[in-house]
Structures are given as C-alpha cells and as structure tokens.
Amino acid sequence: MRLIFTQNVGEEVRDLFLTTAFVLPPKVKSDLTEALKKESSPLGRSVLERLVQNSEISPKTFLPLCQDTGLAQIRLEIGQEVVLAGPPLDQAIQEGARSAYGTAFLRKSTCWPISRLNLGDNSPASLETVIVPGEKLLIRVLTKGGGCDNRCQLVSLTPTAGRESIIKAVVDIVTQAGSNACPPFYVGVSVGGSFESAPRLARLALLEILESNPPTEEEQLLADDLFAAINNTGLGPMGFGGRISVLDLRVKITPAHIASLPLAVNICCHSFRCGRVEL
Ligand code: SF4
C-alpha cells in the first residue's frame, strides 16, 4: 500500500496547467519545426513560422500560447495499491485547476450552457479516473480549446464497413473540421468499443501521441494510412492549403459488439497543450 495525499495531486494538477498554458511539449515544438522544412505552400510556411515563433515567445513572456486557454481536462490512472488521504479527490483536483487559471490570469472559458453565463473560474475541470495495477498515480492533463473540441466526432459505422470506410470517415471528419479547428492537427482515433468508451479511448490515443508505449502493428498500419490520407487532402496549416494538415496521429482498436462499429475521432489543434506526471 502507498499513501498519496490528494492535496499533492491537486498541486501537481495546478503546476501542470501552469506549464501547459505557456510551454509546448518538446515533441510538439519539434513537429512544428520539422513541418516547416516539409511545407512548400508559402502561406502554409508563413503560418508554421509564426507557430514556431509563438512557441518561443510564450514561455519567455508568460503570454499564453493561445487566447483560448481551454477546458481543463484531466485523466488519472490510480494504482490499486494506492491509498488516497485528505480532502475528496475531485475537490483537490478542481481546486488545483482553478488555482492555475486564477494565478496565471488565464482566460476563464466555462459557462452555463443555456444562459451562457461565465462561471468565472474555468470550473469544472473534466476528470476521468481509471484504476490500474500497481502503486503509482499517473496524472495527465490536456488544455483543450473549444475550436478543435467542437470538431471531434463519434460516429456509428455499419458493422461491416471495413478498413477503407473507416479511413474515409476519419478523413471526412478531419476535412470538415477544416480551419475551424486550427490545423495542423494532432488526432486520436478509436475504432470499436461502445458509445460510452469510444470517445475516452480516442482521447487516450491523442494523449499517447507524446508517449513511448508502442501501438499494435494493426494500429500503426492504420495510423500510417490515415496520416498520409489526411495530409493528402491539401488542407494545410490553418486551412490555407499545403502538405501539412496533421502533425501526428494515433489509433486504438478495441473489440466491438457484433452489431456495432463505433468510431471516435478526437481532434486537437496545433496548440497541443498537454502534460503528465507520475507520483
Ligand atoms: S482551436 Fe486551438 S489554436 Fe485554435 S483557437 Fe482554439 S485553442 Fe487556439
């Protein structure tokens, strides 16, 4: 058994959001730099140059990477040997996220959905918890802008649709997202599961783009084909046309009901602000 205090979890959440608002993960910065070498469209290159500049200016000036400082999303993997002590976990997490947005004067983006009244502190953060073997606690955070989150989709394909139809559906969803979701994108795709599990798996696929655990051969082959197909659409940086429409993409495949083929596509803009820490 291992004792972890929920206040510490909340503090880690706060620190992660304080970092992600201003500092892109190294892989994202290097993806943008590499994209600039490959992009041939003048407008596309101009966009990528500004994105690289932006990623350098933000940490130095503490001006956020984007004006949309996002919905705070958190995924916890809690080892089953962990004993949590202190205030309720959700309370500590929410306090951590609230504190980051308050301390750094990040835009508060949550509102009541019908009156549209701003809630004033960016709460509530979205929290998913998963129990895993072991005695560690993994915190992943994602700062998700509204523009790209609006363009994520869950569709129910014909059960026998097959690989080509899956590729077409993903390309259609990404193409429809277009400039509204600020390409070039990062994309998490989940094939299979259920109405409940597919979006969660697609978000995990998105988060795992920055991690080293390998996909299966089938997942990698599908990811490779999707990556090529999306870049061949010509959407380009910010939708101005070009070769670079997606910076990276990951697929997860999981069993489905015999009558179902859920497909979830989680699109994240070029401002892929995420972080993780293991306690
Ligand atoms: S989609 Fe991303 S880059 Fe575009 S405005 Fe929203 S957070 Fe910013």
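Remarks
- Qualifying residue in the range 217-230 (condition: within 15 Å of the ligand (Cβ to nearest atom) and either more than 30 Å from residue 137 (Cα to Cα) or surrounded by fewer than 16 Cβ atoms within 10 Å (Cβ to Cβ) (or both)): no
- Considering the range 163-193, and only residues there that are assigned to a strand (DSSP E or B) and more than 16 Å from the ligand (Cβ to nearest atom), the residue that is surrounded by the most Cβ atoms within 10 Å (Cβ to Cβ) turns out to be 189.
A quick yes/no check of all residues on (1) in a loop (DSSP other than H, G, I, E, B); (2) over 21 Å from residue 35 (Cα atoms):
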site: 195; (1), (2): yes, yes
site: 203; (1), (2): no, yes
site: 214; (1), (2): yes, yes
site: 219; (1), (2): no, yes
site: 226; (1), (2): no, no
site: 229; (1), (2): no, no
site: 235; (1), (2): yes, no
site: 238; (1), (2): no, no
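- Qualifying positions in the range 134-162 - surrounded by 16 or more Cβ atoms within 10 Å (Cβ to Cβ) and under 13 Å from the mean Cα position of the chain (by Cα): 140, 141, 142, 143, 144, 145, 147, 148, 149, 151, 152
- Restricted to the range 67-92, and to residues there that are within 16 Å of the ligand (Cβ to nearest atom), polar (S, T, N, Q) and over 12 Å from residue 139 (Cβ atoms), the residue that is surrounded by the fewest Cβ atoms within 10 Å (Cβ to Cβ) is 67.
- Among residues of the range 135-159 that are over 30 Å from residue 257 (Cβ atoms), those with a Cβ under 7 angstrom from a residue that is hydroxyl-bearing (Ser, Thr, Tyr) and not in a helix (DSSP H, G or I), sequence gap 6+ or separate chain, pair up as 143/69; 145/271; 146/109.
Laboratory data are not the source of any read-out in this text; all were calculated from the coordinates shown. None of these values were measured; they are calculated from a predicted model. FYI the Cβ positions are ideal-geometry reconstructions off the backbone, even for glycines, and counts take in every protein chain you see.
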